[in-house]
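Student: This structure is in structure tokens; I'll ask about it shortly.
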Amino acid sequence: MSEKLFGLTDEEREQAAEILWEETRKFTLACKACPLSETRNKVVFGDGDRKSSLLFIGEGPGADEDSQGLPFVGRAGQLLTQILSAAGIERKDVFITNIVKCRPPENRVPTPEEMLCCDRHLQTQILIMKPALIVLLGNTPLRWILKTTEGITKLRGRWFEWHGAAVMPMFHPSYLLRNNTSKEGGPKHLTWLDIQEVKRQWERYKQTGRLDETIFG
Ligand code: URA
Ligand code: URA
């Protein structure tokens, strides 16, 4: 994986990525581009390992995230942490962020204008990270990233190609909190299958440096 880009060594490229990452963090934390900036307490940039090949994208910060400045730390976030950990994925080894970086009032779904406005931050994060695998948590990131009107129930558990990355939609953990049945074929069971598939493909990518060619079915 030591391709040379513009004559930079891997180490020089890594230093440049680190500088860009910190610049985009500062830019995001200072953002006043949309009205969500007026009601937020903290901008939630994202958390974890920006060098990870695995990125999770949620919808937007809730009350706990807004007060702590960290993604997925409330009830849904704790469930996400548990799901990851049950599959052998540690939060610190992946990067977790949201479509919008500021809390929508009353936890409403962010508007298309807000998502468009915030896209500069997410796309810059993705550009610098270049994740091989991306998990979309729930309908909002699913529809925004994959530009589809289909829903999560139909598309979850499948891999989609998006700018060279393998993208899997999964149920949002807050949906699992509301639909708490452990029945086979229920949302919790399906999410368990999905996260194990994510883990499998991620391990494979880490070992071989490439995605399974049959991943997109
Ligand atoms: N729900 C989300 O979509 N993101 C968070 O960070 C927390 C809850
Ligand atoms: N609606 C969502 O936004 N996400 C889910 O996971 C289920 C329903």
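Every read-out reported here was derived from the displayed coordinates using simple, explicitly stated rules and does not represent laboratory data. Keep in mind the model is a prediction, meaning the values are calculated, not measured. Note: ideal-geometry Cβ built from the backbone for every residue, glycine included; neighbour counts use all protein chains shown.
Student: Once phi is turned into ³J(HN,Hα) by the Karplus curve 6.51 cos²θ - 1.76 cosθ + 1.60 with θ = phi - 60°, what whole-Hz value does each residue of the range 26-38 show in order, with x for glycine and proline?
Tutor: 4, 4, 5, 5, 9, 5, 10, 6, 9, x, 4, 5, 7
Student: Give the order of M170, M129 when sorted by the count of other beta carbons within 10 angstrom, beginning with the fewest. Don't jump to the answer; show the numbers that get you there.
Tutor: On the way: M170 28, M129 22.
Listing M170, M129 from fewest to most nearby Cβ atoms yields M129, M170.
Student: What span do the alpha-carbon atoms of the range 13-161 cover on each of the three principal axes, reported in whole Å from largest to smallest?
Tutor: In descending order, the Cα extents are 39, 36, 28 Å.
Student: Nearest 0.05, what FRET efficiency do L177 and R210 give at R0 = 35 Å with Cβ-Cβ as r? Don't skip to the end; give the middle numbers.
Tutor: On the way: r = 36 Å, r/R0 = 1.03.
The value I calculate is 0.45.
Student: Any chance you could check the Cα centroid distance between the range 72-134 and the range 18-40 for me, in angstrom?
Tutor: One Cα centre to the other: 15 Å.
Student: Ignoring everything except DSSP H segments at least 4 long, calculate the 222 nm mean residue ellipticity for the chain; use -39,500 (n - 2.57) per segment, divide by total residues, nearest 500. Working shown, then result.
Tutor: Details: 9 runs with 100 residues, N = 217.
It comes out at -14000 deg cm²/dmol, rounded to the nearest 500.
Student: Further question: For the pair Q196 and E184, how long in nm is the line joining their label points, each one 7 Å along Cα→Cβ?
Tutor: Rounded to a tenth, the inter-label distance reads 1.2 nm.
Student: Next question, about the same structure. Across the range 187-199, in residue order, what do the Karplus-derived ³J(HN,Hα) couplings come to in whole Hz, using 6.51 cos²θ - 1.76 cosθ + 1.60 with θ = phi - 60° and x for Gly and Pro?
Tutor: x, 5, 4, 5, 5, 4, 5, 5, 5, 5, 5, 4, 4
Student: Using 0.36 nm per residue of separation minus the Cα-Cα distance, give me the extension gain between T148 and Q78 in nm, one decimal.
Tutor: Working: separation 70, 0.36 × 70 = 25.20 nm, distance 2.85 nm.
Residue separation times 0.36 nm, minus the Cα-Cα distance, leaves 22.4 nm.
Student: Suppose every Lys and Arg Cβ carries +1 and every Asp and Glu Cβ carries -1, with no other charges. What dipole size does the range 1-95 come out with about its Cα centre, to the nearest 20 debye? Write down the numbers at each step before the final one.
Tutor: Details: 12 positive and 17 negative charges, 59 e Å.
My answer is approximately 280 debye.
Student: Let me ask something else about it. Using a Förster radius of 30 Å, what is the FRET efficiency between L29 and D93 based on their Cβ-Cβ separation? Nearest 0.05, please. Kindly include the intermediate steps, with their values, before the conclusion.
Tutor: Numbers: r = 24 Å, r/R0 = 0.79.
According to the calculation, E is roughly 0.80.
Student: A follow-up question, please. What do you get for GluC sites (Glu not before Pro) in the range 49-90 restricted to DSSP loop and a cutoff of at most 16 other Cβ within 10 Å of the site's Cβ? If you can, show how the numbers build up before the last one.
Tutor: Numbers: sites: E59, E65, E90; in loops: E59, E90.
Counting only loop positions with at most 16 other Cβ atoms within 10 Å, the GluC sites (Glu not before Pro) in the range 49-90 are E90.
Student: Going by average Cβ density within 10 Å per residue, which order do the peptides 35-43, 209-217, 49-57 take, highest to lowest?
Tutor: Working: 35-43: 16.0, 209-217: 11.2, 49-57: 21.3.
Highest-to-lowest ranking by the protection proxy: 49-57, 35-43, 209-217.
Student: Could you list F6, F27, F95, F45 so that the one with the fewest beta carbons within 10 Å of its beta carbon is first and the one with the most is last?
Tutor: Result, fewest neighbours first: F6, F27, F45, F95.
Student: Still on this structure, I have one more. For A16 and S37, FRET efficiency with R0 = 25 Å and r from the beta-carbon atoms, rounded to 0.05?
Tutor: Details: r = 29 Å, r/R0 = 1.14.
For R0 = 25 Å, the calculated efficiency reads 0.30.
Student: Shifting gears a bit: Would you mind calculating the relative contact order of the chain from Cα pairs under 8 angstrom and at least 6 residues apart, reporting the percent as a whole number? Please list the in-between numbers first.
Tutor: On the way: 341 pairs, mean separation 43.0, N = 217.
After rounding, I find 20 percent.
Student: Further, regarding this structure: Name every cysteine in the chain that ends up alone, with no second cysteine's Cβ under 4.7 Å, or say none.
Tutor: Isolated Cys, the chain: C31, C102, C118.
Student: Which far-off residues, 5 or more places away or on another chain, put their amide H under 5 Å from the one on R103, with H placed in the peptide plane?
Tutor: N41
Student: How large, in Å, is the range 148-203 by the Kirkwood hydrodynamic radius built from its alpha-carbon pairs? Could you put the intermediate results ahead of the total?
Tutor: Working: mean 1/r = 0.0829 Å⁻¹.
It is 12.1 Å.
Student: Here's another thing I want to ask about it. Output wanted: per-residue J couplings in Hz (rounded whole) for the range 159-164, from phi through Karplus 6.51 cos²θ - 1.76 cosθ + 1.60, θ = phi - 60°, x for Gly and Pro.
Tutor: Couplings: 9, 10, 8, 9, 6, x Hz.
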